[in-house]
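S.K.: What follows is a structure written as structure tokens; I'll ask about it next.
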Amino acid sequence: MEAFTTHTGRVVPLRRSNVDTDQIIPAHWLKKVTRDGFEDGLFEAWRKNPDFVLNDEAYKGGTVLVAGEDFGTGSSREHAVWALQNYGFKAVISPRFADIFRGNSLKNGLLTVVLPQPTVEALWELAESDPSVEVTVDLVARKVLAPGVEAGFDLDENARWRLLEGLDDISLTLKDEDSIAAYETRRPAFKPLTQQL
Amino acid sequence: MGRTLAEKVWGDHVVRHAEGEPDLLYIDLHLLHEVTSPQAFDGLRKNGRRVRRTDLTIATEDHNTPTLDIDKPIADPVSRTQLETLRKNCADFGVRLHPLGDDEQGVVHVVGPQLGLTQPGMTVVCGDSHTSTHGAFGALAFGIGTSQVEHVLATQTLPMAPFRTMAITVTGELPDDVTAKDLILAVIAKIGTGGGQGYVIEYRGEAIEKLSMESRMTICNMSIEAGARAGMIAPDETTFEYVRGREHAPEGADWDAAVEYWKTLRTDDDAVFDHEVVIDATQLAPFVTWGTNPGQGAPLSESVPDPASFEDEGAKLAAEKALEYMGLTAGQPLREVPVDTVFVGSCTNGRIEDLRSAAAVLEGRQVADGMRMLVVPGSVRVALQAVAEGLDKVFTAAGAEWRHAGCSMCLGMNPDQLQPGERAASTSNRNFEGRQGKGGRTHLVSPQVAAATAVLGHLASPADLSDVREPAGV
Ligand code: SF4
């Protein structure tokens, strides 16, 4: 996984709540068997509308998506995270994320930052009045900084450490192979098996 | 202090606990399908890893599979590649697979329970958010992303941060014409699509205890639509009876040991939930959604709400956008909303009881002129049972299409899709924009409401059919 320490980039203001994963990446894109090439599917239906923010030249190249609450609801598709990253986003800010989406983001090094609605509103207004304005998302200091905005955010210490170091979860877990094997010897015999080996 | 059901199941699966770190949880059953697994198998290959427990892993094909002409090559080359990729991955890594054409194929969340692989007190995961379905057995079951799928394949464990607990107590009994689907839609409308965020919900109370296993699965299935990590129901005699005798159910002494353990899986009297919600079952009525998220619903007897009536700014804006997308106007009675497509199926309502109740409404009746009704059993086993009971004949005689098992129009990854502007009454779980096809509009309903709507051509419940003719054999 890519490590995340701090990132400075322009804001894309997405004034919508309940941005579900079917909007982020529609189901027909899920037939691909790779982790890349999803950028054209990102918000595909909304991008048909010329007024949609991603179609506005002024926001091209923005890397920090700022959205309303309940971002990433719905399906468990990690493709939603890949699509955002393939498009170029490094961080997403919202007052509330769906659990699975948030977990998927952290696994891929896409930082999700929870900020209260008024701060989100302030970032929207800032980016709408001046699309060239830059925001810094600093995971080391756990702060979001933009002209006139300075907001701290929480992230559980363990997740933060994994992100900062860009650690691979599977290698970490495999260090515990002995505990896993020990647990397996304790498992009750009545638990089902899908096949006899 | 006592523990909740969810805390007990969690506690029994902790492989490693360390302060300030997520618990490492052991996973009893890992379900796979074609959509969220290819990149995970790729990861294993790249790192030279194997599947740790192929005997706790099972795969089926469901999202991409066609529901017509299943003996012919799949027309869409991308869908075909994805299915072929799953077949190759399962063969290479030794995973049991039920492909299209197999008698055990079907929607992954229908297949697990019917094989008896889903049992109380287990941890069950799948790269699919509706894994919450399996919580109906008193299992801790949750959807995971593809990176986590790879993690479980490689280690049979998952590092998981602790959850909060919520009790949803449903008091009294559901009225006769109110189903589990109406109940869960009402729950989501009440607590909102983010209301369950971070929680494992335990559904309890008299109304829940009286539900069949299939209805309990409908409830737990849609926990994710309330934003919850998982939904659970304490196992009881209804659960044990459902599991008993199934292919993978324990037998003999194992059965006795299992039941003894399962009986301990109840929330202790002195356990404390982080949040509690109480719902009076007797006040519920058939429920439908009018918007583009599952929380935007109302009783069928009501009208499309006025966005101005929402106090919260965000909810107001969301309602405005939803009405625009759905082509509805505030104040329009929901019963007068015309519908051109009806879909009965999915992991929410594609089991045999769902098909029976839709068939009971359709028996001796005809779907309305110009109405397209698809009936898609959740699995091949469900289809075989329905055929044995003659339900397929009831559907086709009424003018509905009887299809092969799969996810189908629940998400339209196969050819079963809505056209732009088409409006469906659907027994599935998501009414997101374009979910069932680009520009398609979805109203979430129960199987009974779906069938009545098919007959009348507008949103309706079986009670509205009394003037058409008395239903036979109900
Ligand atoms: S039936 Fe629908 S919700 Fe269920 S697994 Fe298939 S696509 Fe997902």
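The values are calculated or read from the model by the stated rules, or taken from the named source; none is laboratory data. Remember, predicted model here, so these are calculated numbers, not experimental data. Note: ideal-geometry Cβ built from the backbone for every residue, glycine included; neighbour counts use all protein chains shown.
S.K.: On the given criteria, is B:L24 in contact with a Pro (Cβ under 6 Å, 6 or more places away or on another chain), more than 16 Å from the ligand (Cβ to nearest atom) and either at the interface with another protein chain (Cβ under 10 Å from one of its Cβ atoms) or in contact (Cβ under 8 Å) with a residue 60 or more places away in the chain (or both)? Spell out how you get there, then give the answer.
M.R.: Working: in contact with a Pro (Cβ under 6 Å, 6 or more places away or on another chain): yes; more than 16 Å from the ligand (Cβ to nearest atom): yes; either at the interface with another protein chain (Cβ under 10 Å from one of its Cβ atoms) or in contact (Cβ under 8 Å) with a residue 60 or more places away in the chain (or both): yes.
Answer is yes for this residue.
S.K.: Criterion first (away from the ligand (no atom under 16 Å from the Cβ) and part of a loop (DSSP other than H, G, I, E, B)) does B:P415 satisfy it?
M.R.: Spelling it out, it is not the case that B:P415 is away from the ligand (no atom under 16 Å from the Cβ) and part of a loop (DSSP other than H, G, I, E, B).
S.K.: Taking the options B:G327, B:G350, name whichever one is of a type outside the set (S, T, N, Q) and farther than 23 Å from B:A400 by Cβ.
M.R.: After ruling out the rest, the residue left standing is B:G327.
S.K.: Also, quick follow-up: Can you spot a residue in region B:394-403 that is of a type outside the set (A, V, I, L, M, F, W, C), within 15 Å of the ligand (Cβ to nearest atom) and within 14 Å of chain A (Cβ to nearest Cβ)? Steps first, please.
M.R.: Taking region B:394-403 first, the residues of a type outside the set (A, V, I, L, M, F, W, C) are B:396, B:399, B:401, B:403.
Now drop any that are not within 15 Å of the ligand (Cβ to nearest atom), which leaves B:403.
From the residues that got through so far, the ones that are within 14 Å of chain A (Cβ to nearest Cβ) too are none.
No; the residues of region B:394-403 include none that is of a type outside the set (A, V, I, L, M, F, W, C), within 15 Å of the ligand (Cβ to nearest atom) and within 14 Å of chain A (Cβ to nearest Cβ).
S.K.: Answer with yes or no whether B:E202 is assigned to a helix (DSSP H, G or I) and either out of contact with any Ser or Thr (no Cβ under 6 Å at 6 or more places or on another chain) or among the hydrophobic types (A, V, I, L, M, F, W, C) (or both). Before the answer, list the steps.
M.R.: Values: assigned to a helix (DSSP H, G or I): no; either out of contact with any Ser or Thr (no Cβ under 6 Å at 6 or more places or on another chain) or among the hydrophobic types (A, V, I, L, M, F, W, C) (or both): yes.
Answer is no for this residue.
S.K.: Sticking with this structure for a sec: Could you tell me whether any residue of region B:368-382 is in a helix (DSSP H, G or I), touching a residue at least 40 places away in the same chain (Cβ under 8 Å) and more than 16 Å from the ligand (Cβ to nearest atom)?
M.R.: There is no residue in region B:368-382 that is in a helix (DSSP H, G or I), touching a residue at least 40 places away in the same chain (Cβ under 8 Å) and more than 16 Å from the ligand (Cβ to nearest atom).
S.K.: Please enumerate the residues belonging to region B:429-441 that are away from the ligand (no atom under 12 Å from the Cβ) and over 18 Å from A:R16 (Cα atoms).
M.R.: Correct list: B:G437, B:K438, B:G439, B:G440, B:R441.
S.K.: Of everything in region B:161-195 that's away from chain A (no Cβ under 14 Å) and of a type in the set (D, E, K, R), which residue is nearest to B:A226 (Cα to Cα)?
M.R.: By that ranking, first place goes to B:K190.
S.K.: Of all residues being over 25 Å from B:Q419 (Cβ atoms) and within 16 Å of the ligand (Cβ to nearest atom) in region B:333-352, which is nearest to the chain's Cα centre (by Cα)? Just the residue, please.
M.R.: Filtering region B:333-352 for residues over 25 Å from B:Q419 (Cβ atoms) gives B:333, B:351-352.
The next check asks that each one be within 16 Å of the ligand (Cβ to nearest atom); those that pass are B:351-352.
Numbers: B:R351: 10, B:I352: 14 Å.
In this case the residue turns out to be B:R351.
S.K.: Going by the conditions given, is B:A40 in a helix (DSSP H, G or I) and either within 16 Å of the ligand (Cβ to nearest atom) or touching a residue at least 12 places away in the same chain (Cβ under 8 Å) (or both)?
M.R.: yes
S.K.: Applying the selection to region B:298-350, what residues are within 14 Å of chain A (Cβ to nearest Cβ) and not in a helix (DSSP H, G or I)?
M.R.: Within region B:298-350, B:F310, B:D312 meet the criteria.
S.K.: May I ask you to say which residue of B:G138, B:G101 is away from the ligand (no atom under 16 Å from the Cβ) and without any contact (Cβ under 8 Å) to a residue 60 or more places away in the chain?
M.R.: Of B:G138, B:G101, the one residue that is away from the ligand (no atom under 16 Å from the Cβ) and without any contact (Cβ under 8 Å) to a residue 60 or more places away in the chain is B:G101.
S.K.: Moving on to the next point. Check region B:147-168 and report whether any residue there is within 15 Å of the ligand (Cβ to nearest atom), out of contact with any Lys or Arg (no Cβ under 8 Å at 6 or more places or on another chain), within 23 Å of B:R52 (Cβ to Cβ) and touching a residue at least 40 places away in the same chain (Cβ under 8 Å).
M.R.: Looking for residues that are within 15 Å of the ligand (Cβ to nearest atom), out of contact with any Lys or Arg (no Cβ under 8 Å at 6 or more places or on another chain), within 23 Å of B:R52 (Cβ to Cβ) and touching a residue at least 40 places away in the same chain (Cβ under 8 Å), one finds at least one in region B:147-168, hence yes.
S.K.: Scan region B:401-410 and tell me whether some residue there is assigned to a helix (DSSP H, G or I) and on the phi > 0 side of the Ramachandran plot.
M.R.: yes
S.K.: Follow-up question, since we're still on this one. If a residue must be more than 10 Å from every other protein chain (Cβ to nearest Cβ) and modelled with pLDDT under 95, how many such residues does region A:50-74 contain?
M.R.: 0
S.K.: Then there is this: Being within 12 Å of chain A (Cβ to nearest Cβ) and outside any strand (DSSP E or B) is the filter here, so list the residues in region B:429-449 that pass it.
M.R.: B:N429, B:R430, B:N431, B:F432, B:E433, B:G434, B:R435, B:Q436, B:G437, B:K438, B:G439, B:G440
S.K.: Can you report the number of residues in region B:109-135 which are more than 11 Å from chain A (Cβ to nearest Cβ) and either among the charged types (D, E, K, R) or without any contact (Cβ under 8 Å) to a residue 24 or more places away in the chain (or both)?
M.R.: Of the residues in region B:109-135, 0 are more than 11 Å from chain A (Cβ to nearest Cβ) and either among the charged types (D, E, K, R) or without any contact (Cβ under 8 Å) to a residue 24 or more places away in the chain (or both).
S.K.: Based on what the data block shows, is B:R216 under 19 Å from the mean Cα position of the chain (by Cα), crowded, with 24+ Cβ neighbours inside 10 Å and more than 9 Å from every other protein chain (Cβ to nearest Cβ)?
M.R.: Yes; evaluated as a whole, the condition is true for this residue.
S.K.: Taking B:R3, is it surrounded by fewer than 24 Cβ atoms within 10 Å (Cβ to Cβ) and within 12 Å of chain A (Cβ to nearest Cβ)?
M.R.: No.
S.K.: Of the residues B:T81, B:T85, B:T60, B:T54, which is touching a Gly at 6+ places or on another chain (Cβ under 8 Å), away from the ligand (no atom under 16 Å from the Cβ) and within 12 Å of chain A (Cβ to nearest Cβ)?
M.R.: On the way: B:T81 fails: touching a Gly at 6+ places or on another chain (Cβ under 8 Å); B:T85 fails: touching a Gly at 6+ places or on another chain (Cβ under 8 Å); B:T60 fails: away from the ligand (no atom under 16 Å from the Cβ).
None of the other options fit; the residue is B:T54.
S.K.: Continuing with this model, one more query. Which of (1) buried (at least 24 other Cβ atoms within 10 Å of the Cβ); (2) within 16 Å of the ligand (Cβ to nearest atom); (3) more than 7 Å from every other protein chain (Cβ to nearest Cβ) is the odd one out, the single condition B:P66 does not satisfy?
M.R.: Of everything listed in (1) buried (at least 24 other Cβ atoms within 10 Å of the Cβ); (2) within 16 Å of the ligand (Cβ to nearest atom); (3) more than 7 Å from every other protein chain (Cβ to nearest Cβ), B:P66 misses just condition (1).
S.K.: Just give me the residues in region B:221-243 being of a type in the set (S, T, N, Q) and either without any contact (Cβ under 8 Å) to a residue 24 or more places away in the chain or within 16 Å of the ligand (Cβ to nearest atom) (or both), in sequence order.
M.R.: Within region B:221-243, the first condition is being of a type in the set (S, T, N, Q), and the residues that meet it are B:221, B:223, B:238-239.
Of everything in region B:221-243, those that are of a type in the set (S, T, N, Q) and either without any contact (Cβ under 8 Å) to a residue 24 or more places away in the chain or within 16 Å of the ligand (Cβ to nearest atom) (or both) turn out to be B:N221, B:S223.
S.K.: Would a scan of region B:8-18 turn up a residue that is out of contact with any strand residue (DSSP E or B) (no Cβ under 8 Å at 6 or more places or on another chain), in contact (Cβ under 8 Å) with a residue 12 or more places away in the chain and not charged (D, E, K, R)?
M.R.: no
S.K.: Right, another one. Can you tell me which residues in region B:1-17 are in contact with a Leu (Cβ under 7 Å, 6 or more places away or on another chain), over 17 Å from B:I233 (Cβ atoms) and aliphatic (A, V, I, L, M)? Walk me through it before giving the result.
M.R.: Initially, region B:1-17 is screened for residues in contact with a Leu (Cβ under 7 Å, 6 or more places away or on another chain), giving B:5-6, B:8-10, B:13-16.
With over 17 Å from B:I233 (Cβ atoms) added as a condition, the list becomes B:13-16.
The answer is B:V14, B:V15.
S.K.: Within the group A:R35, A:R77, which residue is within 11 Å of another protein chain (Cβ to nearest Cβ), surrounded by fewer than 22 Cβ atoms within 10 Å (Cβ to Cβ), assigned to a loop (DSSP other than H, G, I, E, B) and at negative phi?
M.R.: Just a single option satisfies the conditions, and that option is A:R35.
S.K.: With the structure loaded, tell me whether B:T123 is closer than 26 Å to B:G196 by Cβ, away from the ligand (no atom under 16 Å from the Cβ), surrounded by 22 or more Cβ atoms within 10 Å (Cβ to Cβ) and under 18 Å from the mean Cα position of the chain (by Cα) or whether it fails that test. Step through it out loud before you land on a result.
M.R.: Details: closer than 26 Å to B:G196 by Cβ: yes; away from the ligand (no atom under 16 Å from the Cβ): yes; surrounded by 22 or more Cβ atoms within 10 Å (Cβ to Cβ): yes; under 18 Å from the mean Cα position of the chain (by Cα): yes.
So B:T123 fits the description; yes.
S.K.: Filter region A:16-26 down to residues that are touching a residue at least 24 places away in the same chain (Cβ under 8 Å) and either facing chain B (nearest Cβ under 7 Å) or in a helix (DSSP H, G or I) (or both) and give me whichever is nearest to A:A83 (Cα to Cα). Spell out how you get there, then give the answer.
M.R.: Let us first name the residues in region A:16-26 that are touching a residue at least 24 places away in the same chain (Cβ under 8 Å), namely A:16-22, A:24-25.
If we keep only those that are either facing chain B (nearest Cβ under 7 Å) or in a helix (DSSP H, G or I) (or both) too, we end up with A:17-18, A:20-22, A:24.
Values: A:S17: 19, A:N18: 18, A:D20: 13, A:T21: 10, A:D22: 12, A:I24: 8 Å.
Across region A:16-26, the extreme among qualifying residues is A:I24.
S.K.: For the subset of region B:291-316 comprising residues that are surrounded by fewer than 24 Cβ atoms within 10 Å (Cβ to Cβ) and hydrophobic (A, V, I, L, M, F, W, C), which member is nearest to A:P95 (Cα to Cα)?
M.R.: B:A315
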